[in-house]
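One structure below.
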Amino acid sequence: MTADALSDVLKTVRLTGATFFDVVAKAPWVAESIPREMLLPKILPGAEHLIAYHVLTEGRCFANIIGEEPITVEAGEVIVFTRGDPHVLSSSPGMRSDSVAAETLDAVTAGQLPFSINYGGDGPISAKVVCGFLACDARPFNPLLDNLPPVIKAGDPEDGDARWLGQFIRLATTESAEKRAGGEGVLAKLSELMFIEVIRRYLAELPPEQAGWLAGLRDPFVGKALSLMHARPQRAWTIEMLAKEVGLSRSVLAERFADLVGMPPMHYLAKWRMQIAAGLLSRGNTNIATVAAEIGYASEAAFSRAFKKMVGVPPSDWGRRT
């Protein structure tokens, strides 16, 4: 049985959505992002990576990573900052503002979410935005994050986007407006689903010449090899075994995999095993020998050596750090 490698990665890196803001803005207005070091401990303590997204449910605005060119965002579109870079949303390009203070964030997250924020003056509403965040593990190996651009915009405002992304936008709008019991949890799960749909669209639109892990998923042979390794990471895979399973020669699969994914298949498997191990160790209730056996190592000592070589710290230290 093969596995869905994308779903496997998203599960293993603990993708978690939380902390929503419902923004009503009147021109002129500007809002800067919350620093990741302030927000991450409130979303997923111990996680290293922050993803921010903003769904424009009404009007129009501009969004950009600080220091880079603004991007126009229309109602019905979502913009995702995949690396949590400092960014700005505004009614006009080039505007700047102060970021949210720590005491403001504490007050916001202490109450029921989503928290409503008003920007601008007394004029007509120029934009409504649902802002959300996702957290995930970035180390020791997150092949998805390594292959995403810093900014992705998705959606089709002209036709209202009747597919899942459009449904997410409508549901997010409703949950934000009504603030019903359980709304925070609903929005958190919706944000995770939304992010997956954005990734699917990005994957579908990759040019044929694109390389990288996502391009490897799309390739029928490399994608199957990835799925096989994700389905049974503990198996003593060899390049010959994988080649036989996917229907290519050893040399052709090795070359094709390395060209697309950027590393040999066995190197990828070793790195992915360490990501699984890191997740198991982070739980704090699994001993090292059990982890070693679960990812295919014959002995605890061999696993410990491999983990320290690849991750930089012994397995016991990794478990204590989380």
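Condition check: in contact (Cβ under 8 Å) with a residue 24 or more places away in the chain and not in a loop (DSSP other than H, G, I, E, B). Does LEU242 satisfy that? Break it down stepwise before answering.
Details: in contact (Cβ under 8 Å) with a residue 24 or more places away in the chain: no; not in a loop (DSSP other than H, G, I, E, B): yes.
When the stated conditions are applied, LEU242 does not pass them.
I'd like to verify a number: residues in region 216-228 that are without any contact (Cβ under 8 Å) to a residue 60 or more places away in the chain and either surrounded by fewer than 13 Cβ atoms within 10 Å (Cβ to Cβ) or part of a helix (DSSP H, G or I) (or both), how many?
Looking only at region 216-228, we keep the residues that are without any contact (Cβ under 8 Å) to a residue 60 or more places away in the chain, and these are 216, 218-222, 225.
Cutting the leftovers down to either surrounded by fewer than 13 Cβ atoms within 10 Å (Cβ to Cβ) or part of a helix (DSSP H, G or I) (or both) gives us 216, 218, 220-222, 225.
Residues that pass the stated criteria total 6.
Residues to consider are LEU217, LEU226; find the one that is within 26 Å of PHE81 (Cβ to Cβ), within 21 Å of the chain's Cα centre (by Cα) and modelled with pLDDT of 85 or more.
Within the list LEU217, LEU226, the selection yields LEU217.
Just one of PHE81, PHE62 is in the same structural domain as LEU144 (by TED's automatic domain parsing), under 24 Å from ASP122 (Cβ atoms) and modelled with pLDDT of 95 or more; which is it?
Being in the same structural domain as LEU144 (by TED's automatic domain parsing), under 24 Å from ASP122 (Cβ atoms) and modelled with pLDDT of 95 or more holds for just one of PHE81, PHE62, which is PHE62.
Which of the following residues is in contact with a helix residue (DSSP H, G or I) (Cβ under 6 Å, 6 or more places away or on another chain), of a type in the set (D, E, K, R) and either at pLDDT 85 or above or outside the structural domain of LYS11 (by TED's automatic domain parsing) (or both): ARG250, ARG200?
ARG250
Does at least one position in region 247-264 carry a residue that is surrounded by fewer than 16 Cβ atoms within 10 Å (Cβ to Cβ) and under 18 Å from VAL9 (Cα atoms)?
yes
Could you tell me which numbered condition ALA302 fails, if it satisfies all but one of (1) assigned to a loop (DSSP other than H, G, I, E, B); (2) more than 25 Å from ASP146 (Cβ to Cβ); (3) not polar (S, T, N, Q)?
Unmet condition: (1).
Taking the residues in region 30-46 that are more than 16 Å from ASP85 (Cα to Cα) and either assigned to a helix (DSSP H, G or I) or at pLDDT 70 or above (or both) as candidates, determine which candidate is nearest to the chain's Cα centre (by Cα). Give the steps one after another, and end with the answer.
Initial filter on region 30-46 (more than 16 Å from ASP85 (Cα to Cα)): 30, 41-46.
Now restrict to residues that are either assigned to a helix (DSSP H, G or I) or at pLDDT 70 or above (or both): 30, 41-43, 45.
Working: VAL30: 25, PRO41: 16, LYS42: 17, ILE43: 13, PRO45: 16 Å.
Among residues in region 30-46 that are more than 16 Å from ASP85 (Cα to Cα) and either assigned to a helix (DSSP H, G or I) or at pLDDT 70 or above (or both), the one nearest to the chain's Cα centre (by Cα) is ILE43.
Out of all the residues in region 3-18, is one or more in a loop (DSSP other than H, G, I, E, B), farther than 22 Å from VAL186 by Cα and touching a residue at least 60 places away in the same chain (Cβ under 8 Å)?
Yes, region 3-18 contains a residue that is in a loop (DSSP other than H, G, I, E, B), farther than 22 Å from VAL186 by Cα and touching a residue at least 60 places away in the same chain (Cβ under 8 Å).
Going by the structure shown, is GLY111 modelled with pLDDT of 80 or more and either surrounded by fewer than 21 Cβ atoms within 10 Å (Cβ to Cβ) or over 14 Å from the mean Cα position of the chain (by Cα) (or both)?
no
Of everything in region 280-301 that's touching an Asp or Glu at 6+ places or on another chain (Cβ under 7 Å) and small (Gly, Ala, Ser), which residue is surrounded by the fewest Cβ atoms within 10 Å (Cβ to Cβ)?
Going through the qualifying residues, I end up with ALA289.
Looking at LEU15, is it touching a Lys or Arg at 6+ places or on another chain (Cβ under 7 Å), of a type in the set (A, V, I, L, M, F, W, C) and outside the structural domain of VAL246 (by TED's automatic domain parsing)?
Considered against the rule, which asks whether it is touching a Lys or Arg at 6+ places or on another chain (Cβ under 7 Å), of a type in the set (A, V, I, L, M, F, W, C) and outside the structural domain of VAL246 (by TED's automatic domain parsing), LEU15 comes out as no.
Looking at region 140-168, I want the residues that are assigned by TED's automatic domain parsing to the domain that holds ARG83 and have a partner that is modelled with pLDDT under 75 and hydrophobic (A, V, I, L, M, F, W, C) with Cβ atoms under 7 Å, at least 6 apart or on another chain. Which pairs are those?
ALA154/LEU165; GLY155/LEU165
Are any residues in region 249-273 under 13 Å from VAL222 (Cα atoms), under 21 Å from the mean Cα position of the chain (by Cα) and aromatic (Phe, Trp, Tyr), and if so, which ones?
TYR268
Within region 290-309, is there a residue that is at negative phi, at pLDDT below 90 and of a type in the set (Asp, Glu)?
Taking every residue of region 290-309 in turn, none turns out to be at negative phi, at pLDDT below 90 and of a type in the set (Asp, Glu).
The values are calculated or read from the model by the stated rules, or taken from the named source; none is laboratory data. Since the model is a prediction, treat every value here as computed from it, not as a measurement. Because the Cβ atoms are built from the backbone with ideal geometry, glycine has one as well, and the counts that use them run over all protein chains shown.
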